[in-house]
Structures are given as C-alpha cells and as structure tokens.
Amino acid sequence: MKTETLDRLRSRISGIDAMPAIPIILRPLLRCLDQPAEQIDVNRIVELVSYDKSIAAQCVRMANSALFGRSHPVESIRTAVLNLGMWRVRDLLFSNSLSQVIPANRWVVDPSVFWRHSLGCALVCRRFAEIIGYPDTEKAYLAGLLHDIGVLVNCMIVPNEFRATVEKAYREHIPMDEAEQATLGFTHSDSGRILAEAWKITPDLVQAIELHHEIGDPERGGPLVALVHLSDLLCRLRDLGYGYYEPRQIDFANEPGWLYLVMQFPNLAELDLARFTFTLDEYAKEVGELVSTVFAA
Amino acid sequence: MSNDSTMLKDEQLSVESLTDPVWIRIRDLIYQVSGIYQAENKFYLLVSRCSRRMKAVGARTPREYLEFLTARPNRDAEMRNLLNEITIGETCLFRSMPQIDALRKVVIPSLAEAKKKFSFTKLRFWSAGCSTGEEPYTLAMILLEETQTRLKGWTFEVIATDLNDRSIAKAQEGIYNDYAVRNVPPEFMKKYFTPVGSEFRVNDSVRSFISFNRLNMLDDSKMLFMRGIDTIFCCNVLIYFDGKSKTRTVEHFYNALLPNGHFFLGHSESLYGISKKFRLVHFPGTTAYWKPSESTPKAGAP
C-alpha cells in the first residue's frame with residue numbers, strides 16, 4: 001500500500017475518539033504468555049481469570065460443558081482452570097477481552113463468525129507450527145488470533161462503507177481484502193497494522209497482521225507471516241471462514257508461503273496435507289464450543 | 001424391562017468405549033489401509049460401525065477387535081467387512097454438496113474457459129465404481145443444468161463403470177426410494193424425476209447422457225482405453241484395493257485424464273503415499289486431485 005494512503009489512514013484513525021482501546025487484561029496476559037509453556041504461572045492465570053466475573057463464570061460453565069463430560073460439577077475457578085487446561089483458558093481470556101474491544105452495537109460482521117475465524121486460525125496456526133517444528137508456537141497462536149483485528153478497526157472508523165464492503169464480498173463471493181481495496185482503498189491488513197502499532201504489539205506480530213493477505217516476498221515476513229497466511233487460507237476453505245463461499249482452487253504446494261516454509265522446515269515436504277485438512281474439522285467443533293461459551297454470556 | 005436394561009448397558013458401553021485409545025489405533029489402521037480418515041468429532045460413527053462388526057465376530061473389547069483386524073489369519077476379509085460397514089448407506093444422489101459446489105462453481109467454469117480457447121465444446125466425465133448409479137445421475141443432472149444455462153451449445157457425456165453386473169443393472173433402471181433422493185434439491189426433483197409408486201425414476205432426458213459399462217479397474221488392457229476424460233469421480237472404491245493395485249489404478253486415472261483434469265475421491269479419502277503425480281488441491285469444504293498441465297511449474301510437496 002502507498003505510504004501516502006497509509007499516512008492518511010493513520011491520521012484518520014488517530015483522529016477518531018472511538019479508536020479501539022487495548023483490553024486491560026490483554027497486556028498482562030501477553031506478558032504472562034511470553035515464556036515457555038512449562039514456566040507459565042498457573043496462579044497468575046487464575047488471578048487474571050478472577051479479575052473478571054463474567055470470564056470466571058464462562059470458565060466454570062465451559063468446564064462443566066458436554067465437551068468435557070464431567071461426572072462431578074466444577075465449582076471453583078481454580079478447578080475449572082486446571083480442568084480446562086492452560087490453552088483453553090487462554091482461548092477464553094483472549095476471545096473475551098478482544099470481543100470487548102468494540103461495543104456490541106458497532107459490529108458490521110457477525111461477532112461470533114469473526115471470533116470463530118480468528119480462534120480457528122489461531123488453533124490451526126499453532127498446530128501447523130508444531131508440525132513443522134517452528135519454535136515459537138505461542139507466537140504462532142497469537143498471530144493467528146490477531147491477524148484480522150483490522151476488521152474491528154474498520155467497524156469503528158468506516159462503519160457504513162465497511163458494511164457495503166462486507167455485502168459486496170458476500171454478494172460477489174470475493175475475498176474480503178479484494179472487496180475492501182475496491183470500496184475503501186485500503187484493507188483490514190492496513191488498518192490492523194495501525195491498531196497493532198498503537199497497541200505496541202511486538203513487531204513480528206504487527207508484520208503478520210499487515211502481510212497475511214499479500215505476503216509478497218516471503219523472506220520479508222519470515223515463517224510467521226507464511227504460517228498465518230496459509231492457516232487463514234485453510235480456515236476459509238474449511239468451514240472456519242467468514243461464512244460465505246469463495247469459489248476457488250488452492251494448490252498449497254504452489255503457494256509462495258508454502259514453498260518458503262518448505263525451505264525453512266524441510267519436514268513440511270513430508271506432511272500429509274489431506275489428513276491435516278481433515279483434522280481441521282475437529283477444530284471446528286472445539287472452536288464452536290468456545291465461541292458459544294463466550295457469546296452465551 | 002429386560003430390553004430397557006440391555007439398551008442402557010449398550011449406551012454406557014459406547015460412552016465408555018468412545019474414550020478408549022484403541023479407537024485411535026483402529027482409526028489410524030483404517031487410514032493406512034484405505035486412506036479414509038475418521039475425524040475425532042465423528043468417532044461415534046466409527047464406534048457404532050465397529051460395534052456391529054464386533055458383535056458379528058464376537059469381539060468383546062476394541063482391543064480384541066483390533067486383533068481381529070491385525071493378527072488373525074482372515075484379517076484382510078475382516079477389514080473388508082469393516083470398510084463395507086463404514087461406507088454403507090453413503091450412496092445417495094447429491095451426496096457431497098461441497099464436491100457439487102466445487103464442480104459447479106470452480107471446476108466446470110474453468111474447464112469451459114480452457115476448452116473454449118481450442119473451440120472444444122464437449123465435456124466428458126467418468127464415474128468409476130458407480131455402484132447403483134446415484135453418482136453418474138447426479139453428475140449428469142448437474143451437467144445438464146449447466147448446458148441449459150451458462151454452457152449453452154455444449155454437449156457432455158458421463159461414462160459410468162462398475163465391476164458388479166447387478167449394480168450396473170440396478171443403475172440402468174434408475175429407480176430410487178425417497179431415502180436415496182433425500183438430498184436432491186426440489187427443483188432437480190421436479191425437473192428430472194418421475195414418481196413411480198412410492199419411488200422415483202430418473203427421466204430419460206438424463207439417462208441419454210450416460211453410458212453404463214462393466215469394467216474391472218484392475219484390468220490393465222481395458223483401462224488403457226479410457227482416455228480424454230475431463231473429470232473423474234471414484235469414491236470409496238480404492239479403499240478396497242491393496243497398495244500396489246491402488247497405485248496402478250491411480251496411474252490409469254492419471255493417464256485417462258486430460259491435462260488440468262480433476263480426480264475426486266470420497267469424502268475424507270486421500271491419495272497420500274499412493275501417487276505423487278497428482279497435486280492435492282483444496283476447494284471450500286472438499287479436496288480433490290489435479291493433473292497439472294505440462295506448463296505448470298513443479299512444486300515440492302505434497
């Protein structure tokens with residue numbers, strides 16, 4: 001995107017009072033997660049959960065849900081957290097805090113569809129990272145989760161135009177970024193980048209947000225961008241997209257991001273991609289459960 | 001009373017057995033042998049199908065049944081029985097909507113686009129292992145619909161083959177009960193079927209586009225005659241072949257297809273470890289294999 005357009009967009013975003021604020025819980029959560037999985041402090045997570053009555057209630061509700069099929073009801077937050085496992089608790093915390101970023105009446109896309117896609121992408125991205133041996137699987141998760149936050153910005157700063165954009169994408173069955181480029185002159189990758197910078201999110205995550213549609217030269221964004229790009233594509237092809245049909249054929253083995261990752265992580269060449277794709281349907285169930293827990297509140 | 005308690009027992013058993021890690025091993029074994037993948041959210045299906053076979057052979061636990069599938073002398077026959085059980089009841093018209101959408105919205109338009117350049121206006125589809133005809137009739141109806149709308153002036157042909165004479169005969173009859181037509185969209189129902197008693201007969205306007213033939217896919221000399229095909233459907237057939245026969249048959253399919261042609265397998269069926277010539281491609285909700293044209297750059301994997 002042209003620097004000039006980007007600057008104009010930046011001044012437009014900063015000129016608006018309604019710029020989404022970073023959720024209070026997000027920064028300590030990110031800090032807490034910015035360490036190896038085995039060193040994550042369970043007490044700290046329980047503490048963070050307890051800050052917010054509604055999140056705590058959701059943890060308890062989810063721990064008691066059919067997905068876990070428990071015979072004894074879970075009552076305490078701590079037991080709920082331990083039963084759910086760190087990952088699910090984080091999923092809940094993130095989707096909760098992020099779903100409060102914009103007021104309920106400002107959503108242009110269906111929020112549950114948005115979170116379904118974001119969480120789906122986060123899970124796929126993490127799994128993908130594990131399979132190929134990308135070392136920072138948590139970062140991959142976060143990048144997947146946050147890759148579309150520009151959609152939230154668009155809901156806030158250009159609600160009417162963005163509504164027309166979304167309708168265009170649904171009607172013409174075209175990718176969202178293509179519809180945005182045609183109607184807004186910028187995409188959610190651009191506005192997402194500006195928000196991420198304002199939130200002082202680490203530069204590699206900012207890049208993943210900015211480049212996930214047009215990865216260009218994969219060297220520039222590195223493996224993280226390629227991972228998010230491919231996971232986003234997979235999700236949109238596997239019932240974890242924005243809920244409309246994008247008629248196309250994707251040959252992953254020929255995607256620049258894939259070719260780049262194969263060079264960096266040679267074992268990707270041996271991946272049974274068909275089987276990996278089939279397993280994504282298992283994620284769809286888990287994500288569905290999570291999203292309905294968050295939105296049942 | 002006694003009935004009730006048996007039912008209760010069965011239910012408890014299945015809930016318990018759903019979490020048995022041996023199911024994962026059985027699932028992986030099925031995938032390895034047949035290429036059919038059972039996702040964990042569909043495990044109840046796997047379990048219920050295995051339970052039927054377990055009852056038949058007298059296996060009391062999943063572990064015991066795994067032994068029937070791996071260690072007993074007639075393990076191959078039992079795997080065949082299990083695969084039969086898994087794919088049973090899957091044949092109906094308009095079975096896989098994601099595949100049909102991929103055909104209508106992506107594959108046929110791009111085929112037409114490419115062929116138009118050479119002034120070709122004919123499409124040729126092959127339903128390999130057509131069983132009792134549900135698949136070729138579905139394909140013919142879709143192609144018929146296309147040639148009446150976007151592809152005016154085009155012609156097409158559906159070649160339907162199966163090893164089983166009785167299946168072919170049944171397919172030629174083209175009469176289906178309401179269960180087999182449950183997925184057919186109402187407008188297709190109205191246009192292409194005639195009620196016959198409590199059943200439905202496919203109209204001759206559809207039949208005339210299909211040729212039914214008996215064909216053994218392991219017969220190399222016959223397979224060599226199959227050429228110039230645009231799209232092949234072969235669902236839940238290769239799963240019964242051993243590794244070598246699979247590779248050979250897929251090689252025949254590859255040669256039968258025109259460049260840029262597509263090869264569709266059953267839902268959750270994969271060619272992994274069978275052929276590297278085809279390229280796996282993704283459509284919304286489904287996957288297929290694609291024969292690249294000579295000019296397509298070669299990719300690493302998969």
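The values are calculated or read from the model by the stated rules, or taken from the named source; none is laboratory data. These numbers come from a predicted model, not from an experiment. Don't worry about glycine lacking a Cβ; one is built from the backbone with ideal geometry, like all the others, and counts go over all protein chains shown. Side chains are part of the model used for accessible areas, which takes the heavy atoms of the whole protein and leaves out ligands, DNA and RNA. Shrake-Rupley method; radii C 1.70, N 1.55, O 1.52, S 1.80 Å.
Accessible area per residue for chain B, computed on protein heavy atoms with a 1.4 Å probe, is 50 Å². If R0 equals 25 Å, the separation of the Cβ atoms of B:LYS191 and A:TYR245 corresponds to a calculated FRET efficiency of about 0.60.
Based on Cα contacts under 8 Å between residues 6+ apart, the range A:143-287 shows a relative contact order of 22 percent. The ellipsoid equivalent to the alpha-carbon distribution of the range B:159-300 has semi-axes of 31, 18, 15 angstrom, derived from the gyration tensor eigenvalues as √(5λ) and listed largest first. The share of accessible area on the range A:112-166 that comes from carbon and sulfur is 49 percent, using a 1.4 angstrom probe. Taking all Cα pairs closer than 8 Å and separated by 6 or more residues, the relative contact order of the range B:97-290 comes to 23 percent. Residue by residue, the range A:102-119 carries 3J(HN,Hα) couplings of 10, x, 3, 7, 9, 5, 9, 9, 5, x, 5, 5, 4, 6, 4, 5, 5, 5 Hz when phi is fed to the Karplus relation 6.51 cos²θ - 1.76 cosθ + 1.60 (θ = phi - 60°); x denotes Gly or Pro. Calculated mean residue ellipticity, 222 nm, chain A: -21000 deg cm²/dmol, from DSSP H runs (n ≥ 4) at -39500 (n - 2.57) each, averaged per residue and rounded to 500. Taking amide H as placed 1.01 Å from N in the peptide plane, B:GLY129 has its amide H under 5 Å from the amide H of B:THR161, B:ASP162, each at least 5 places away in sequence or on another chain. Given 37 °C and 0.692 mPa s, compute D for the range B:63-108 with the Stokes-Einstein relation, Rh being the Kirkwood radius over Cα pairs; round to the nearest whole µm²/s. Estimated diffusion coefficient is 249 µm²/s.
Label separation (B:SER110 vs A:ASN267): 3.1 nm, computed from points 7 Å beyond Cα along the C-beta direction. Residues B:VAL57, A:VAL74, sorted by accessible area with the largest first, give B:VAL57, A:VAL74 [1.4 Å probe; ligands and nucleic acids excluded]. Considering only Cα atoms, the convex hull volume of the range B:120-169 works out to 63 Å³ per residue.
A 1.4 Å probe run over the protein chains yields, for chain A, 41 Å² of accessible area per residue, whole-number rounding. Using the Cβ-Cβ distance between B:ASN74 and B:LYS117 with R0 set to 51 Å, the FRET efficiency works out to roughly 0.40. Restricting attention to the protein assembly as shown, close to 45% of DSSP beta bridges with both partner residues there are antiparallel.
Expressed as cubic angstrom per residue, what is the convex hull volume of the alpha carbon set of the range A:13-295?
Cα convex hull per residue, to the nearest whole number: 131 Å³.
Can you pull the percent of Cα pairs in the range B:65-152 with separation above 22 Å? More than 22 Å apart: 47 percent of the Cα pairs in the range B:65-152. A convex hull fitted around the alpha carbon atoms of chain B yields 163 Å³ per residue. Estimated from helices alone, the mean residue ellipticity of chain B at 222 nm is -13500 deg cm²/dmol (sum of -39500 (n - 2.57) over DSSP H runs with n ≥ 4, per residue). Measuring max minus min along each principal axis, the C-alpha atoms of the protein assembly as shown give extents of 72, 69, 50 Å (largest first). When the Cα convex hull of the range B:202-263 is projected onto planes of every orientation, the mean area is 5.2 nm².
Dividing the mean sequence gap of close Cα pairs (under 8 Å, 6+ apart) by how many residues chain A holds gives a relative contact order of 20 percent.
Which FRET efficiency, nearest 0.05, do A:GLN39 and B:LEU45 yield, Cβ-Cβ r, R0 35 Å? In this case the efficiency is close to 0.30. For the range A:60-170, how big is the tail of P(r) above 18 Å, as a whole percent of Cα pairs? So the pairs more than 18 Å apart make up 60 percent of the total in the range A:60-170. Using θ = phi - 60° in the Karplus curve 6.51 cos²θ - 1.76 cosθ + 1.60, the 3J(HN,Hα) couplings for the range B:280-286 round to 5, 10, 10, 10, x, x, 7 Hz; x is entered for Gly and Pro. Of the residues in the range A:229-243, those shielded by at least 50 Å² of accessible area once partner protein chains are present, compared with the chain alone at a 1.4 Å probe, are A:LEU237, A:ARG238. Springs between alpha-carbon atoms under 10 Å, Gaussian network over chain B: tell me which of B:THR19, B:THR286, B:THR70 tops the mean-square fluctuations. Looking only at B:THR19, B:THR286, B:THR70, the biggest GNM fluctuation is shown by B:THR19. Could you identify which residue out of A:ASN154, A:ASN105, A:ASN83 has the top mean-square fluctuation in a GNM of chain A using Cα springs shorter than 10 Å? The residue with the greatest mean-square fluctuation here is A:ASN105.
Computed in the context of the full set of protein chains, the accessible area of the range B:97-290 at 1.4 Å probe radius has 55% of its extent on carbon or sulfur. Say we join alpha carbon atoms closer than 10 Å with springs in a Gaussian network model of chain B; which of B:PHE212, B:PHE118, B:PHE264 then has the biggest fluctuation? Residue with maximal mean-square fluctuation among B:PHE212, B:PHE118, B:PHE264: B:PHE118.
Phi-derived couplings, Karplus 6.51 cos²θ - 1.76 cosθ + 1.60 at θ = phi - 60°, listed residue by residue for the range A:255-272: 6, x, x, 5, 4, 5, 4, 4, 5, 7, 10, x, 5, 4, 4, 9, 5, 7 Hz, with x used for Gly and Pro. Summed over both chains, the accessible area lost when A and B associate is about 2600 Å², using a 1.4 Å probe. Computed with a 1.4 Å probe over protein heavy atoms only, the accessible area of B:HIS262 comes to about 10 Å². Interface residues of the range A:274-290, defined as those with an accessible-area decrease of at least 10 Å² between the chain by itself and the complete set of protein chains (probe 1.4 Å), are A:ALA274, A:ARG275, A:THR277, A:PHE278, A:THR279, A:ASP281, A:GLU282, A:LYS285.
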